[in-house]
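Some notes on the structure that comes next.
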Amino acid sequence: MEAANQTGISEFILLGFSEEPELQPFIFGLFLSMYLVTVLGNLLIILAISSDSHLHTPMYFFLTNLSLVDICFSTTIVPRILVNIHTENKAISYMDCLTQVYFSMFFPILDTLLLTVMAYDRFVAICHPLHYTVVMNPRLCGMLVFITWFIGVMTSLLHILLIMHLTFCRDLEIPHFFCELTHILKLACSDTFLNSTLIYFMTGVLGVFPLIGILFSYSQIASSIRKMSSSGGKQKAFSTCGSHLSVVSLFYGTGVAVYFTSAVTHSSQKISVASVMYTVVTPMLNPFIYSLRNKDVKGALGRLLSRSASCLW
């Protein structure tokens, strides 16, 4: 197959979910609805936390960042899907595709690291409550968030720099609804060994090790909760940890589902459906998990909506 230099590539073709025209309005409506719910839900979480001084604590500071990342992650994927369906044009330019690859790696890395930082925050709060305000001071919280963003920026940039040195074949059709790293590598005519090695290495460092850290934190938290004599203290600890554990389970569960689906099947439709859970559904559900399971967030949302309603009337 004849190869072309990467500088000569003008666009890729995103094949999406289905070629059937009658399904396009349904797919458009479904993704538009999920995107609006994602943005509105996470934006409400951010506004509620920002407007309530009682929630200006490390745990909710990290939650604000997580909600912001979920909005950005969904915005990286969904608007392009909607534009392609509306215009009936599946083409995406070379630079737009690389940009999507970059941010589709960047924001999940931030999600992973923020969830790990949040687990550490709960570990300190429950296992070392007397030292919590000293340990989780504003400077450390800001530094932890900065480190997560720095790692995300540099890791994603390294992947993009390696991609830019690849040559691609004439067949530039991507059997997916967004430019995903592994699908891009499958289209390359040049050697992708270094790219694949970096993927496996970073998956271990930024996927497995954070999960080990989260599991270790919660093993210590569970041990501390069992030693509590107060039922009220146990209930409060469970309520603050339950939301975070649910989000962690959803995030890692859908990520693992995408990995195993890709490994056991060559059906692009099945892989795409699994990827929807990871890229679109998870960011949409996170604000509901935190608002429904957390009394403080529910109270802040109620006060925010009450103030908004009173201003309108």
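The values are calculated or read from the model by the stated rules, or taken from the named source; none is laboratory data. What you see is a predicted model, and the numbers here were worked out from it, not measured in a lab. Cβ coordinates were reconstructed from backbone atoms using ideal geometry, including for glycine residues, and neighbour counts include every protein chain displayed. Ligands, DNA and RNA are stripped out before the accessible areas are found, and what is left, the full protein with its side chains, is counted by its heavy atoms. Shrake-Rupley method; radii C 1.70, N 1.55, O 1.52, S 1.80 Å.
Rg(Cα) of the stretch 18-98 divided by 2.2 N^0.38 Å?
In units of the globular-protein estimate, the stretch 18-98 measures up at 1.43.
Given the whole protein assembly as supplied and a 1.4 Å probe, what does the accessible area of LYS298 come to in Å², nearest 10?
Surface accessible to solvent at LYS298 totals approximately 100 Å².
What are the equivalent ellipsoid semi-axes of the stretch 1-160, built from the alpha-carbon gyration tensor (square roots of five times its eigenvalues), in whole angstrom, biggest first?
The three semi-axes for the stretch 1-160 are 38, 21, 11 Å.
Once you have the Kirkwood Rh of the chain from its Cα pairs, apply Stokes-Einstein at 20 °C and 1.002 mPa s and quote D in µm²/s.
Estimated diffusion coefficient is 101 µm²/s.
Placing +1 on the Cβ of each Lys and Arg and -1 on the Cβ of each Asp and Glu in the chain, which of THR99, ILE109, LEU198 has its Cα farthest towards the positive end of the resulting dipole?
Looking along the dipole axis, the top candidate is ILE109.
Would you calculate, for the chain, the mean residue ellipticity at 222 nm contributed by helices, counting each DSSP H stretch of 4 or more residues as -39,500 (n - 2.57) and dividing by all residues, to the nearest 500?
The helix-only estimate for the chain comes to -25500 deg cm²/dmol at 222 nm.
Just the Cα atoms of the stretch 52-141: what Rg and Dmax do they give in Å?
Every Cα atom of the stretch 52-141 included, Rg and Dmax give 18.4, 59 Å.
Need one value: the accessible area of HIS56 in square angstrom, 1.4 angstrom probe, rounded to the nearest 10.
Accessible area, nearest 10 Å²: 120 Å².
Write down the radius of gyration of the stretch 177-313 and its Dmax, each obtained from C-alpha positions, in Å.
Taking only Cα atoms of the stretch 177-313, I get Rg and Dmax of 20.6, 64 Å.
I want to verify the translational diffusion coefficient of the stretch 153-229 in µm²/s; compute it with Stokes-Einstein, Rh as the Kirkwood radius over Cα pairs, at 4 °C and 1.567 mPa s.
It comes out at roughly 85 µm²/s.
For the peptides 140-152, 63-75, what is the packing order when you average, over each peptide's residues, the other Cβ atoms within 10 Å and list the highest mean first?
63-75, 140-152
Let me know the number of lysine pairs in the chain closer than 17 Å at the Cα, not counting same-chain pairs under 8 apart.
Value for the chain: 4.
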